[in-house]
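The values are calculated or read from the model by the stated rules, or taken from the named source; none is laboratory data. Model, not experiment: these values are computed from the prediction. Here the Cβ positions follow ideal geometry from the backbone for every residue, glycine too, while neighbour counts run over all protein chains shown.
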């Protein structure tokens, strides 16, 4: 708990006044929100004829974020993206945000506001409004619990269990940027020299700190019934593909040469003698969408890529369960594709980085 | 992070297997849940013609609970009650639970299961099903983020802003039991002798560890349009009454003699020379409902009390804003009623206890 004397501390501000301040600043809602911040629960009129999507994530300091390399505004931004990306992966429209915050004794109201500023910058870009939350003390670091509610027409939701043998495997954007960006940030803290050009480094760091949730892409894939399954890439492609295969009871082949890497990520991999394919397969926190599409839908998918202003790459194919997960290295060389993406509680070190534990 | 060698540790179990295990054990849902645990978001068909209620709370070890005096099953139970009580205070039907958990490196799968067991025991008693969650590591203690969704007919929700001058102030159950129970638990840890009879102590401890959310009462108050405002007592009567008065822009008088205390709480107060009125006003975590009712509704309220099998006490009256908040001590003696219930970040010590920080 903060001491009485600490200037501008939470103790002086008090929870109620803090809530009022946050509510005034960030609590602008819309007619469907009958009650937002400040009552026992938020009260919302659901969009007629839609199903409800609900997702929650808890981000812990030292586990999911590191305040030596990210500001609280960055952390807030990413916390929103983690959840926006979950709704995107279901093909839904994100709508309502709730924030449960545990603040260490050193936390200042200005820091809480910075966190909310980041959160709301990401949320508002997708039309999401803040409807509630909870703020309390923490004996040990910042903890941020985010809940995001969204809507989708029943029957259109993208799930993980619909991939069929013969479907094509697609991924949006580029892979491995976020992990490369995190490594560069850590090196800066350690005062090591950055191994890539400043422009590349800035791009990778931005991809790590301010990822783009693929909300528009998810909505189009669902609305046009193009994808048979989808997941967002939080743990890394190899691990997240394994989720789809497990839940759809199928296998998959991935074409190493087709994995999309940004020029900056390629430069990073080259400078650090990292296999770019491994970076693409096992880098986490890209928040791109991985999805499967029947071959007949490819022409329609090209149109969607244009409308979503988003690069889409055909990286493989769904195979029988007996095939398992395999990586085609080209020239007839195949490897077993082992899920290496970060698992919480697994003392696994992501490849090519000292990054440690991320979600 | 847990070491590789720790037997039965989270590292060995892995997050995915843990989720599967919890899902098998606790993830039984209902037809309205199209997708529960295991996809990017839960997918739910809302009840026709209802509005959505959403509430979230984050409970931190050492702030909201103390594992020296409560088991993880107790903590889980209370975490569910905190949120059930929020939905009850809106008059709604609690339905869907999401759990975001940060587990310290010492945490065992059996402890996570105990926490879920407590959560689900409380949740299932009110027909609530588990639809999603997130489990990750914590560098420092347990953090439990709960989100609860519920339903209510639009227009019937109980809010904090509807109290009118002349309304009667009511409270359910008895007050101060939970704080008395917590103090007794702390004394046991400190090996101090308990100052009350064993039966009374057991009652108070149970009221602290396993409070009853007033879901049925809230639903009846809303359905019969009896209450003009309502709030659940988490911070203590004095503070929570202040919320209603502030948001309704009214004052209130409370009759000290009418405050409901259990025989056990009276015995506790007498044995420890604590003013029972202060215990009732400022004890937190009772999770009773505080609500206001127009006088003409009193006969209907009596019927509701019978149906909800719940004691209701008329403890005061809504007055003009200029009146402020006052306590009638009897014999013409009045005091200003100062909100003393626990506020996070306020270095306030609840009265008559070394309890410290609670929500």
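Among the residues examined, residue B:185 does not qualify as part of a helix (DSSP H, G or I), in contact with a helix residue (DSSP H, G or I) (Cβ under 9 Å, 6 or more places away or on another chain) and surrounded by 24 or more Cβ atoms within 10 Å (Cβ to Cβ).
Annotation: of all residues in region B:128-157 being facing chain A (nearest Cβ under 8 Å) and assigned to a loop (DSSP other than H, G, I, E, B), the one that is nearest to residue B:214 (Cα to Cα) is B:157. Among residues that are more than 8 Å from chain B (Cβ to nearest Cβ), buried (at least 24 other Cβ atoms within 10 Å of the Cβ), under 28 Å from residue A:17 (Cβ atoms) and in contact (Cβ under 8 Å) with a residue 40 or more places away in the chain, residue A:119 is included. Restricting the search to helices (runs of 4 or more DSSP H) fully inside region B:217-292 and requiring at least 1 residues that are more than 30 Å from residue B:198 (Cβ to Cβ) and in contact with a helix residue (DSSP H, G or I) (Cβ under 7 Å, 6 or more places away or on another chain) gives B:237-248.
Residues being in contact (Cβ under 8 Å) with a residue 60 or more places away in the chain, facing chain A (nearest Cβ under 7 Å) and over 30 Å from residue A:152 (Cα atoms) are entirely absent from region B:89-101.
The criterion of being surrounded by fewer than 24 Cβ atoms within 10 Å (Cβ to Cβ) and closer than 16 Å to residue A:89 by Cβ holds for residue A:212. Only a single criterion out of (1) under 19 Å from the mean Cα position of the chain (by Cα); (2) more than 11 Å from chain B (Cβ to nearest Cβ) is not satisfied by residue A:84, namely (2). Looking only at region A:166-178, decide whether some residue is surrounded by fewer than 24 Cβ atoms within 10 Å (Cβ to Cβ), over 18 Å from residue A:234 (Cβ atoms) and either at pLDDT below 95 or out of contact with any helix residue (DSSP H, G or I) (no Cβ under 8 Å at 6 or more places or on another chain) (or both). Checked against the condition, which is being surrounded by fewer than 24 Cβ atoms within 10 Å (Cβ to Cβ), over 18 Å from residue A:234 (Cβ atoms) and either at pLDDT below 95 or out of contact with any helix residue (DSSP H, G or I) (no Cβ under 8 Å at 6 or more places or on another chain) (or both), region A:166-178 yields no hits at all. Among the residues making up region A:37-63, those that are more than 7 Å from chain B (Cβ to nearest Cβ), touching a helix residue (DSSP H, G or I) at 6+ places or on another chain (Cβ under 9 Å) and modelled with pLDDT of 90 or more are A:59, A:61. Out of A:173, A:218, one residue alone is farther than 24 Å from residue A:266 by Cβ, within 20 Å of the chain's Cα centre (by Cα) and assigned by TED's automatic domain parsing to the domain that holds residue A:258. It is A:218. Would region B:226-246 turn up any residue that is more than 14 Å from the chain's Cα centre (by Cα) and surrounded by fewer than 17 Cβ atoms within 10 Å (Cβ to Cβ)? Checking region B:226-246: not a single residue is more than 14 Å from the chain's Cα centre (by Cα) and surrounded by fewer than 17 Cβ atoms within 10 Å (Cβ to Cβ).
Of (1) buried (at least 24 other Cβ atoms within 10 Å of the Cβ); (2) within 14 Å of chain B (Cβ to nearest Cβ); (3) at negative phi, residue A:76 satisfies all except one. Which? Exception for residue A:76: condition (2).
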